[in-house]
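Values quoted throughout were computed directly from the atomic coordinates according to the rules given, and no laboratory measurement underlies them. The model shown is predicted, which means the values in this text are computed figures rather than measured ones. Backbone-built Cβ (ideal geometry, glycine too); neighbour counts: all protein chains shown.
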Amino acid sequence: MKIALVTGSGGLIGSETCRRLHAEGYAIVGVDNDMRAYFFGEEASTKGTRQLLRKQLQVYHDEPADIRDWDAVEFLFKKFGFAIGAVVHTAAQPSHDWAAKEPLTDFAVNAQGTMYLLEATRKYCPEAVFIFTSTNKVYGDTPNRLPLVEKETRWEVDESHPYFAKGIDESMSIDGSKHSIFGANKVAADIMVQEYGKYFGMKTGVFRGGCLTGPAHAGAELHGFLAYLMKCTVTGRPYNIYGYKGKQVRDNIHSHDLVDAFVKFMNNPRPGEVYNMGGSRHSNCSMLEAIKMCEDISGKKLDWNLLDDNRIGDHIWYVSDVSKFQSHYPDWEYKYNLQTTLEEIYKACALTK
């Protein structure tokens, strides 16, 4: 039985990956030391999800290793060796604001940890597929230079621009922009994953995610906006919007659809490829639009407050063009849209209220 080593196994994408690859016949090695609780508090802890995985999956090994520790990473890869058929790296420090508080920690998790995993894969299981969950923040604030038009409930790119029809593609430059510390460290990791594919011929793939979401998301104020927004709506907790009149636009992809894309890549890898991967024109919304949807679904009013200052390096409008991935893997398609995703998140919130 082939092994899939999944970092961040207790997180949103990690847990979805564990379940899907287990169903595909893989034994799962889940690597998670619950740093999300350190980043965002106990409410964001992944302990509960990891306990569920241990109960639900027949062949699941829980490994609380720290990817910042080369000895710990090397020990894992020596232990499982050539039996590892896939490495899916979803572990990360995911917040702009948090990264600025502890830049060294952010670099160690997002850049150095990725480097350790790549090198361990090269040394001990070089034929394994290596998937990296990157981010659209590698483009920094370059999307904010697009010709944007203010609408009633959202900012939108001008209809005459090539990005209007499908969104932002992989040709957008990552240079000459303000990324945030988080975004810059993810750039370092993103480029190294590409390089190990192109230079060493490893089966690496980079997925630059938009907003990744779903009912398993332990949403916190600094990360996971849809899950946290619904949580605030259901519980009556106040919610802060940071700048841009609440009209900033994000595309949102359900964890199921993202992991389905991982599986398509694993079955026919293209070494060193990069894909923008989000909700695209299929599933996107502004903050104001998301608030209305949460209120309509829950039947409750959100107590929200608009702050003048936006987050540094934050996007005003970002919609992913996923057509490159669809051209390489034409049998991939979305299962979830924004409405069905939010309905699932609401049910999860209502159960845990």
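Taking amide H positions as placed in the peptide plane 1.01 Å from N, state which residues far from Phe130 in sequence (5 or more) or on other chains have amide H under 5 Å from it.
Val87, Lys203, Thr204, Gly205
What are the lysines whose alpha-carbon lies under 20 Å from the alpha-carbon of Lys151, with same-chain residues fewer than 8 places away excluded?
Reachable lysines: Lys166, Lys245, Lys247, Lys292.
Could you state the per residue volume, in Å³, of the convex hull enclosing the Cα atoms of the stretch 85-158?
Values: hull volume 9.9 nm³, N = 74.
Convex hull volume per residue, Cα atoms: 134 Å³.
Going by C-beta contacts inside 10 Å, put Phe132, Phe40, Phe80 in order with the fewest on the left. List each step's numbers first, then the result.
Working: Phe132 27, Phe40 22, Phe80 17.
Ascending number of Cβ neighbours within 10 Å: Phe80, Phe40, Phe132.
Given the pairs Lys101/Lys203; Lys78/Lys198; Lys198/Lys231, which span a C-alpha to C-alpha distance of over 32 angstrom in this model?
Details: Lys101/Lys203 34 Å; Lys78/Lys198 24 Å; Lys198/Lys231 42 Å.
Lys101/Lys203; Lys198/Lys231, as the Cα separations exceed 32 Å there.
Size of the dipole of the chain about the Cα centre, Lys and Arg at +1 and Asp and Glu at -1 on the beta carbon, nothing else charged, in debye to 20?
620
In Å and on Cα atoms, what radius of gyration and Dmax does the stretch 147-281 show?
Computed over the Cα atoms of the stretch 147-281, radius of gyration and Dmax are 17.2, 52 Å.
With each run of n ≥ 4 DSSP H residues scored as -39500 (n - 2.57), what mean residue ellipticity at 222 nm is computed for the chain after dividing by its residue count and rounding to the nearest 500 deg cm²/dmol? Before the final figure, lay out the partial values.
Working: 14 runs with 144 residues, N = 353.
Here the helix-only value at 222 nm equals -12000 deg cm²/dmol.
Sequence-distant or interchain residues sharing an amide H contact under 5 Å with Tyr275, placed H: which?
Residues meeting the criterion, in which the H sits 1.01 Å from N, are Val206, Phe207, Arg208.
Summing +1 for each Lys or Arg and -1 for each Asp or Glu, what net charge is found among the other residues whose Cβ lies under 12 Å from the Cβ of Glu295?
Numbers: positive: Lys292, Lys300, Lys301; negative: Glu289, Asp296, Asp303.
For residues surrounding Glu295, the net value is 0.
Please list, in order along the stretch 194-208, the HN-Hα scalar couplings obtained from phi with the Karplus expression 6.51 cos²θ - 1.76 cosθ + 1.60 (θ = phi - 60°), rounded to whole Hz, x for Gly and Pro.
Each residue of the stretch 194-208 in turn: 4, 5, 5, x, 7, 7, 9, x, 6, 8, 9, x, 10, 10, 8 Hz.
Calculate how many DSSP beta bridges within the stretch 3-352 are antiparallel, expressed in % of all such bridges and rounded to the nearest 5. Intermediate results must be reported in sequence, preceding the final value.
Values: 7 of 47 bridges.
About 15 percent, rounded to the nearest 5.
Points 7 angstrom from Cα along the Cβ direction at Lys347 and Arg270: gap in nanometres?
My value for the distance between the label points is 3.5 nm.
Suppose the chain between Ala72 and Tyr38 were pulled fully straight at 0.36 nm per residue; how much longer would it get relative to their current alpha carbon spacing? Display every interim value, and only then the final one.
Details: separation 34, 0.36 × 34 = 12.24 nm, distance 1.95 nm.
That works out to 10.3 nm of additional length.
Give me P(r) over the chain, computed from all C-alpha to C-alpha distances, binned every 20 Å, as integer percentages.
32, 61, 8
How large is ³J(HN,Hα), in whole Hz, for each residue of the stretch 132-138 in order, when computed from phi with the Karplus curve 6.51 cos²θ - 1.76 cosθ + 1.60 and θ = phi - 60°, using x for Gly and Pro?
Once rounded to whole Hz, the list reads 10, 8, 8, 8, 5, 6, 5.
Extension gain Lys198-Glu102, at 0.36 nm per residue separation less the Cα-Cα distance, in nm?
Numbers: separation 96, 0.36 × 96 = 34.56 nm, distance 3.18 nm.
Stretched out fully, the Lys198 to Glu102 stretch lengthens by 31.4 nm.
Val149's amide H: which non-local residues (gap 5+, or another chain) put their own amide H closer than 5 Å, with H modeled 1.01 Å from N in plane and none for Pro or chain starts?
Residues meeting the criterion, in which the H sits 1.01 Å from N, are Glu156, Val157, Asp158.
What ranking do Arg311, Arg281 get, fewest neighbouring Cβ atoms within 10 angstrom at the top? Don't skip to the answer; put the middle values down first.
Numbers: Arg311 17, Arg281 14.
By the 10 Å Cβ count, ascending: Arg281, Arg311.
As a footprinting exposure proxy, order Arg19, Arg270 by other Cβ within 10 Å, with the fewest listed first.
On the way: Arg19 20, Arg270 14.
With the fewest neighbours first, Arg19, Arg270 line up as Arg270, Arg19.
Apply the Karplus curve 6.51 cos²θ - 1.76 cosθ + 1.60, θ = phi - 60°, to the phi angles in the stretch 308-316 and return the couplings in whole Hz, x for Gly and Pro.
With coefficients 6.51, -1.76 and 1.60, one gets 6, 8, 7, 6, 5, x, 6, 8, 7 Hz.
Using label points projected 7 Å from each Cα along Cα→Cβ, tell me how many nm separate Leu306 and Asn337, to one decimal.
Between Leu306 and Asn337, the simple spin-label model gives 2.7 nm.
Project the alpha carbons of the stretch 184-259 onto their principal axes and report the range along each, largest first, in whole Å.
Answer, in whole Å and largest first: 52, 27, 17 Å.
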